[in-house]
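Visitor: A single structure is presented below for examination.
The values are calculated or read from the model by the stated rules, or taken from the named source; none is laboratory data. Treat the numbers as computed from the prediction; the structure is a model and nothing was measured. Neighbour counts run over all protein chains shown; Cβ positions are idealised from the backbone, glycine included. These area figures cover heavy atoms from the full protein model, side chains too; ligands, DNA and RNA do not enter into them. Shrake-Rupley method; radii C 1.70, N 1.55, O 1.52, S 1.80 Å.
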Amino acid sequence: MSFLPPILIPTYNRSVVVVPAPGEGEGHWAGAPSAALGEDGPIYLAYRLRRPVGEGRGFANVVAQSMDGEHFTTVATLTSEEFGAESLERPCLVRLHDGRWRLYVSAATPGTKHWRIDAVDASTPAEFVASNRRIVFPGDRAYGVKDPVMQFWDGVWHGWICFHPLERDDDADRMETRYATSHDGLTWSSPTVTLQGTLGSWDARGARVSAVVRDKTQFVAYYDGREDRESNTEEVTGIARGVDPGLLRAQGGTPIARSPFGGGAFRYVTIIDLPDHGRRMYYETSRSDGSHELRTELFPSLSPTLSRG
């Protein structure tokens, strides 16, 4: 299988650990990253820390700063308790056009399989506090919503949101991605389905967009997928394309990346454009003991024709 440039194919052996697993064994995860470039060069990274079920699950979203993209210093920590949540999942970090910052937070409703998405605004990433939160995607009885990918270009906000059906417990792990637009990133259009799993394929159980890049003619999405319910939390990465950000189609028929260890998890890809036209990719991968760690990979001196938007 081959992909035409400028698709960036992640390679585990080229990556380095940014945040180690917070413990040994299954359920101890560092990952679900979202990266954004600050003024004058610093990279900011938001990510989720998790313990096993019964020990706290997704107990924190962390925001950290780095000048080299590999060594980070924590500037803010938001906990599940502060959001009244049983667990936190993938955040989405964005720098607003006026220089302020926004963090979208995925929060689980206690005692249910429901999720919602809140937004927190601040002057700097170090000033995020949960008390400023507001609900932007509440979900409902039919669907939980989480793991947003938010971008702004041409005066419009674009969002790709992971939806989980809640009508039957046996289906709650299924996932599809829906697309919505907004004028302010807070009040959104009604989301419509843009990417689903492929029946009988490696992503049959669901498809969750994790990153979107674009050029003049197409959108390329990295997405997490898995074949069955038993592979929940061990998703691997695939590629989808489309000329419309709301109509993406899976490409290739096989995943493009998986971890060589544990359950093979290779998920939550996020990509940041660097000032020198290189790019840095962050993602979550499994270890041999079943824990997950956050890793990064540098793609230097690439053509600037493909952009995150």
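Visitor: State the three equivalent ellipsoid semi-axes of the chain, derived from the C-alpha gyration tensor as the square roots of 5 times its eigenvalues, in descending order and whole Å.
Guide: Equivalent-ellipsoid dimensions as semi-axes: 24, 23, 21 Å.
Visitor: State to the nearest 20 debye the size of the charge dipole of the chain about its Cα centre, where the only charges are +1 on K and R beta carbons and -1 on D and E beta carbons.
Guide: 460 debye
Visitor: Taking N as the number of residues in the range 158-283, what value does Rg over Cα atoms divided by 2.2 N^0.38 Å take?
Guide: Compactness ratio reported: 1.08.
Visitor: Over the range 91-202, with the other protein chains present, what is the accessible area per residue in square angstrom, probe 1.4 angstrom?
Guide: Ligands and nucleic acids excluded, the figure is 44 Å² per residue.
Visitor: Would you please state the base-10 log of I(q)/I(0) at q = 0.10, 0.13, 0.17, 0.24 1/Å for the range 1-85, with intensities from the Debye formula using one equal scatterer on every alpha carbon?
Guide: The computed values of log10 I(q)/I(0) come out as -0.34, -0.54, -0.83, -1.19.
Visitor: Gaussian network model of the chain, Cα springs within a sub-10 Å range: biggest mean-square fluctuation belongs to which of GLY54, GLY38, GLY206?
Guide: GLY54
Visitor: Percent of accessible area on the chain owned by carbon and sulfur, 1.4 Å probe?
Guide: 49 percent
Visitor: Computed on alpha carbon atoms, what radius of gyration and Dmax characterise the range 236-285, expressed in Å?
Guide: Reported Rg and Dmax, both Å: 13.3, 36.
Visitor: Cut-off 10 angstrom, C-alpha nodes, Gaussian network model of the chain. Which of GLN196, GLN65, GLN218 fluctuates the most?
Guide: Highest fluctuation of the listed residues: GLN218.
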